[in-house]
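The values are calculated or read from the model by the stated rules, or taken from the named source; none is laboratory data. Since this is a predicted model, take the numbers as computed values, not measurements. Positions of Cβ are backbone-derived with ideal geometry, glycine not excepted, and every protein chain shown enters the neighbour counts. Each accessible area value is taken on the protein alone, full model and side chains, heavy atoms only, with ligands, DNA and RNA left out. Shrake-Rupley method; radii C 1.70, N 1.55, O 1.52, S 1.80 Å.
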Amino acid sequence: MSKIPEDLLYTADHEWVSSSANECVIGITDHAQDSLGDVTFVELPEIGANFEEKAVFGVVESVKAASDLYMPIAGEVIEVNEALNDSPEKVNSDPYGEGWMIKIRNNDANSTGSLLDAESYGKEIGG
């Protein structure tokens with residue numbers, strides 16, 4: 001059974017968002033990392049890059065597959081988790097903590113409307 005923290009928002013593509021004021025932290029869910037298997041490489045964007053909602057912002061590679069990362073909300077990248085360059089396995093061991101991927105400046109404070117709450121995401125993955 002995947003962990004689904006109540007205080008986060010989710011996409012059907014298995015990204016999570018922690019939103020405060022106009023800054024958001026984004027990563028992949030426990031369900032996603034479990035499906036991927038052992039993560040071996042994470043490709044993240046440059047600081048300053050701008051993305052529209054649903055645009056591909058990076059790639060996660062595992063022993064099983066490579067999977068695109070989709071931007072849950074539009075925004076500008078203000079920080080990337082450099083620790084994942086040397087320790088991509090943090091995505092597996094702590095997807096909601098040390099395994100976070102990027103921080104963005106949210107372009108629109110109301111853009112979280114299409115995201116799922118924990119209960120809805122749980123239903124989406126059959127939880």
Handout entry: In the stretch 68-127, the residues that are without any contact (Cβ under 8 Å) to a residue 12 or more places away in the chain and surrounded by fewer than 18 Cβ atoms within 10 Å (Cβ to Cβ)
Key = GLU82, ASP86, SER87, SER93, ASP94, GLY97, ASN110, GLY113, GLU119, LYS123, GLY126
Handout entry: Residues within the stretch 53-67 that are of a type in the set (A, V, I, L, M) and either in contact (Cβ under 8 Å) with a residue 60 or more places away in the chain or buried (at least 16 other Cβ atoms within 10 Å of the Cβ) (or both), tallied
Key = 1
Handout entry: Complete set of residues in the stretch 24-52 that are open to solvent by 70 Å² or more (accessible area, probe 1.4 Å) and touching a residue at least 24 places away in the same chain (Cβ under 8 Å)
Key = ASP34, ASP38, THR40, PHE41, GLU46, ILE47, ASN50
Fill in the blank from the handout: Filtering the stretch 77-120 down to residues that are among the β-branched types (Val, Ile, Thr) and modelled with pLDDT under 95 yields THR112
Fill in the blank from the handout: All-but-one check, ASP13 against (1) in contact (Cβ under 8 Å) with a residue 24 or more places away in the chain; (2) assigned to a loop (DSSP other than H, G, I, E, B); (3) open to solvent by less than 60 Å² (accessible area, probe 1.4 Å), failing number (3)
